[in-house]
Amino acid sequence: MPTEPDNLTSLNVDLLRIDHVGIAVSDLDEALKFYADTFGMHCVHEETNEDQGVREAMLAVGDGTGPRLQLLAPLRPDSAIAKFLDRSGPGLQQLAYTVADVEATTAALKARGLRVLYDTPRRGTAGSRINFVHPKDAGGVLVELVEPA
Ligand code: CMX
């Protein structure tokens with residue numbers, strides 16, 4: 001006899017692909033020059049996100065069809081990136097996955113007992129809708145969920 005599906009964990013998490021890898025940097029212009037001169041990567045998008053307290057740039061890797069590299073520089077001393085730099089110095093800060101429906105993925109992860117940082121999605125890069133899983137609930141990795149605009 002089939003058992004009733006567990007309503008909580010039967011919710012599908014549905015990650016589509018790796019969207020980008022985020023790196024905290026102190027100075028965005030210096031970092032852009034370093035990545036261009038050293039790795040030949042070029043910037044395909046740059047913006048300031050006041051809500052997240054960052055100046056950021058997306059870099060294409062190779063033919064540009066795969067995941068991007070995101071450089072994140074702090075706008076304010078109380079921002080998440082400034083705190084990360086104070087504690088850990090420059091380096092890998094987050095791993096971001098593309099999702100079709102950020103609310104649905106968030107609900108599925110919450111049902112698995114993970115802490116999601118925002119009650120409702122916030123604005124991310126290029127008008128995307130984003131949320132995060134706390135790094136302490138994801139093996140020490142800050143996970144971002146990105147629903148593209
Ligand atoms: N990766 C892995 N571990 C991290 C981390 C990170 N990025 N940031 C913090 N931690 C660890 C700390 O080292 C600390 O560990 P210990 O307790 O072992 O010392 C612990 O998490 C601290 O957790 P906390 O006190 O709950 O939270 P913090 O004040 O350190 O803030 C976080 C961490 C994830 C809640 C905060 O950075 C945040 O809100 N991030 C989401 C927003 C964000 O990162 N915005 C910038 C990017 C914007 C974008 O991508 O568009």
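No value in this document is a laboratory result; all are computed from the given coordinates. Everything quoted here is computed from the prediction, not taken from an experiment. Neighbour counts are summed over all protein chains in view; Cβ atoms, including those assigned to glycine, are modelled from backbone coordinates with ideal geometry.
In this label model, residue 123 and residue 15 are separated by 2.8 nm, measuring between points 7 Å along each Cα→Cβ vector.
The fraction of all Cα pairs in the stretch 89-147 landing in successive 10 Å bins from 0 to the largest distance is 24, 57, 18, 1, given as whole percents. Basic side chains Lys and Arg get +1 at the Cβ, acidic Asp and Glu get -1 at the Cβ, and with that the dipole of the chain about its Cα centre reaches some 300 debye. Excluding residue 128 itself, calculate the net charge of residues whose Cβ lies under 13 Å from the Cβ of residue 128, where each Lys or Arg counts +1 and each Asp or Glu counts -1. Local net charge: -3. With K and R counted +1 and D and E -1, the other residues having a Cβ less than 13 Å from that of residue 57 yield a net charge of -3. With contributions of -39500 (n - 2.57) from each DSSP H run of at least four residues, the per-residue ellipticity at 222 nm computed over the chain stands at -6000 deg cm²/dmol. The label point for residue 149 and the one for residue 114, both projected 7 Å from the Cα toward the Cβ, are 2.6 nm apart.
Ellipsoid semi-axes for the chain, based on the Cα gyration tensor and the rule √(5λ), read 30, 17, 13 Å when sorted largest first. Each Lys or Arg adds one and each Asp or Glu subtracts one; over the other residues with Cβ under 12 Å from the Cβ of residue 99, this totals -4.
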